[in-house]
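FYI, it's all coordinate maths here, none of it is from the lab. Keep in mind that this is a model prediction, so the values were computed, not measured. All Cβ positions, glycine included, derive from the backbone under ideal geometry; neighbour counts span all protein chains shown.
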Amino acid sequence: GAVVSQHPSRVICKSGTSVKIECRSLDFQATTMFWYRQFPKQSLMLMATSNEGSKATYEQGVEKDKFLINHASLTLSTLTVTSAHPEDSSFYICSARDSLAGIQETQYFGPGTRLLVL
Amino acid sequence: GDSVTQMEGPVTLSEEAFLTINCTYTATGYPSLFWYVQYPGEGLQLLLKATKADDKGSNKGFEATYRKETTSFHLEKGSVQVSDSAVYFCALSVPMRAQKLVFGQGTRLTINP
């Protein structure tokens, strides 16, 4: 099946630093990737839709200057949390959709990145 | 707006018990419906899906039927195993909304031997 990887799996950083999280589709091309945030014991909240070669589309309430998204190739999207603060600590999950599949194609999820900001 | 409501957890069952996790949805248009599973320490995996009314999705002994008349997509399994312990998420996507997934709050299932 389709595989999506994320790196790093876990990161601890100091307040004020920036953290980059990578999301890769390993065996398929993805013109669209999604970034989610999951708080402990809660559901996934969509943060933004990442589009290859164009600007990301952010959900209401998500600061685009805080969460920078770059989708530079058909297999890689990055999320950079800029000037991270403790309230940014969370589990960040990406998903990718196979570009060559039909309109009802499935999203494949990465294993997630746990961010802890001290 | 579009939303998904799941049965609140946690749910604890004994091995070989019958499982039902309720899921209802609200959506404009014609959504596709999904069940995702998240095992401890792992990412979400698609468990099953249904794309139109009366479709039944099934996988690994789990089943769910797309019921348009009751706007429901309840997850069932006849005999659960310890290895089924996980968090289960019901979700929908509407084709006209860029295939964005809307998730329910998740239901934590624990199966005791």
**OP:** Calculate the spin-label point distance for B:F18 paired with A:N51, positioning each point 7 Å from the Cα along the beta-carbon direction, and give it in nanometres.
**Re:** 4.8 nm
**OP:** Go ahead and set up a Gaussian network model of chain B, Cα springs under 10 Å, then flag whichever of B:T65, B:T12, B:T20 fluctuates most.
**Re:** B:T12
**OP:** Would you work out which of A:G110, B:T20, A:C23 lies farthest towards the positive end of the dipole of the protein assembly as shown, given +1 charges on the beta-carbon of Lys and Arg and -1 on that of Asp and Glu, about the Cα centre?
**Re:** A:C23
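Net charge around A:L46, counting only other residues with Cβ within less than 10 Å of its Cβ (Lys, Arg = +1; Asp, Glu = -1)? Intermediate values should be presented prior to the final figure.
Details: positive: A:R37, B:K100; negative: A:E59.
Taking every Cβ under 10 Å from that of A:L46, the sum is +1.
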**OP:** Could I have the simple spin-label model distance between A:S99 and A:K64, label points 7 Å from Cα toward Cβ, reported in nm to one decimal?
**Re:** 2.2 nm
Original post:
What percent does the relative contact order of segment B:1-89 come to when contacts are Cα pairs within less than 8 Å and at least six residues apart?
Top reply: 33 percent
Subject >> Radius 10 Å from Cβ of B:F62, net charge of other residues (Lys, Arg +1; Asp, Glu -1) >> reply: -1
Original post:
Looking at chain A, what % of the alpha carbon pairs are farther apart than 22 Å?
Top reply: 28 percent
Subject >> B:Y39-B:T70 pseudo-label distance in nm [points 7 Å out on the Cα-to-Cβ vector] >> reply: 3.1 nm
Subject >> Residues with amide H under 5 Å from that of A:A56, placed H, sequence gap 5 or more >> reply: A:N51
Subject >> Dipole in debye (nearest 20) - the protein assembly as shown, about Cα centre, beta carbon charges: Lys, Arg +1; Asp, Glu -1 >> reply: 420 debye
Original post:
Once Lys and Arg get +1 and Asp and Glu get -1 on their Cβ, which of B:S58, B:G1, B:S72 lies farthest toward the positive end of the dipole of segment B:1-106?
Top reply: B:G1
Original post:
Given 0.36 nm per residue, what is the gain on full extension from B:S83 to B:K60 after removing their alpha carbon distance, in nm?
Top reply: 7.2 nm
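Kirkwood Rh and Cα-based Rg: tell me the resulting Rg over Rh for chain B, rounded to two decimals.
Values: Rg = 13.5 Å, Rh = 14.0 Å.
In chain B, Rg relative to Rh is 0.96.
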Original post:
Which residue fluctuates the most in chain A, going by a Gaussian network model with Cα springs under 10 Å, if the choices are A:G53, A:G16, A:G61?
Top reply: A:G61
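Students often check this: by mean Cβ neighbours within 10 Å, which of A:28-38, B:43-53 ranks highest, and how do the rest follow?
Numbers: A:28-38: 22.0, B:43-53: 18.3.
Taking the mean over residues of other Cβ atoms within 10 Å, the ranking is A:28-38, B:43-53.
Rg(Cα) of segment A:1-57 divided by 2.2 N^0.38 Å?
Values: Rg = 13.3 Å, N = 57, 2.2 N^0.38 = 10.2 Å.
That ratio works out to 1.30.
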Subject >> Dimensions (Å) - the protein assembly as shown, Cα atoms, principal axes, largest first >> reply: 49, 38, 33
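For segment B:32-97, report the % of Cα-Cα distances exceeding 20 Å. Don't jump to the answer; show the numbers that get you there.
Values: 592 of 2145 pairs.
Cα-Cα pairs in segment B:32-97 separated by more than 20 Å: 28 percent.
Using alpha-carbon pairs under 8 Å, 6+ residues apart, how would you state the relative contact order of segment A:1-105 in percent? Could the numbers behind the result be given before it?
Numbers: 212 pairs, mean separation 36.0, N = 105.
In percent, rounded to a whole number, it is 34.
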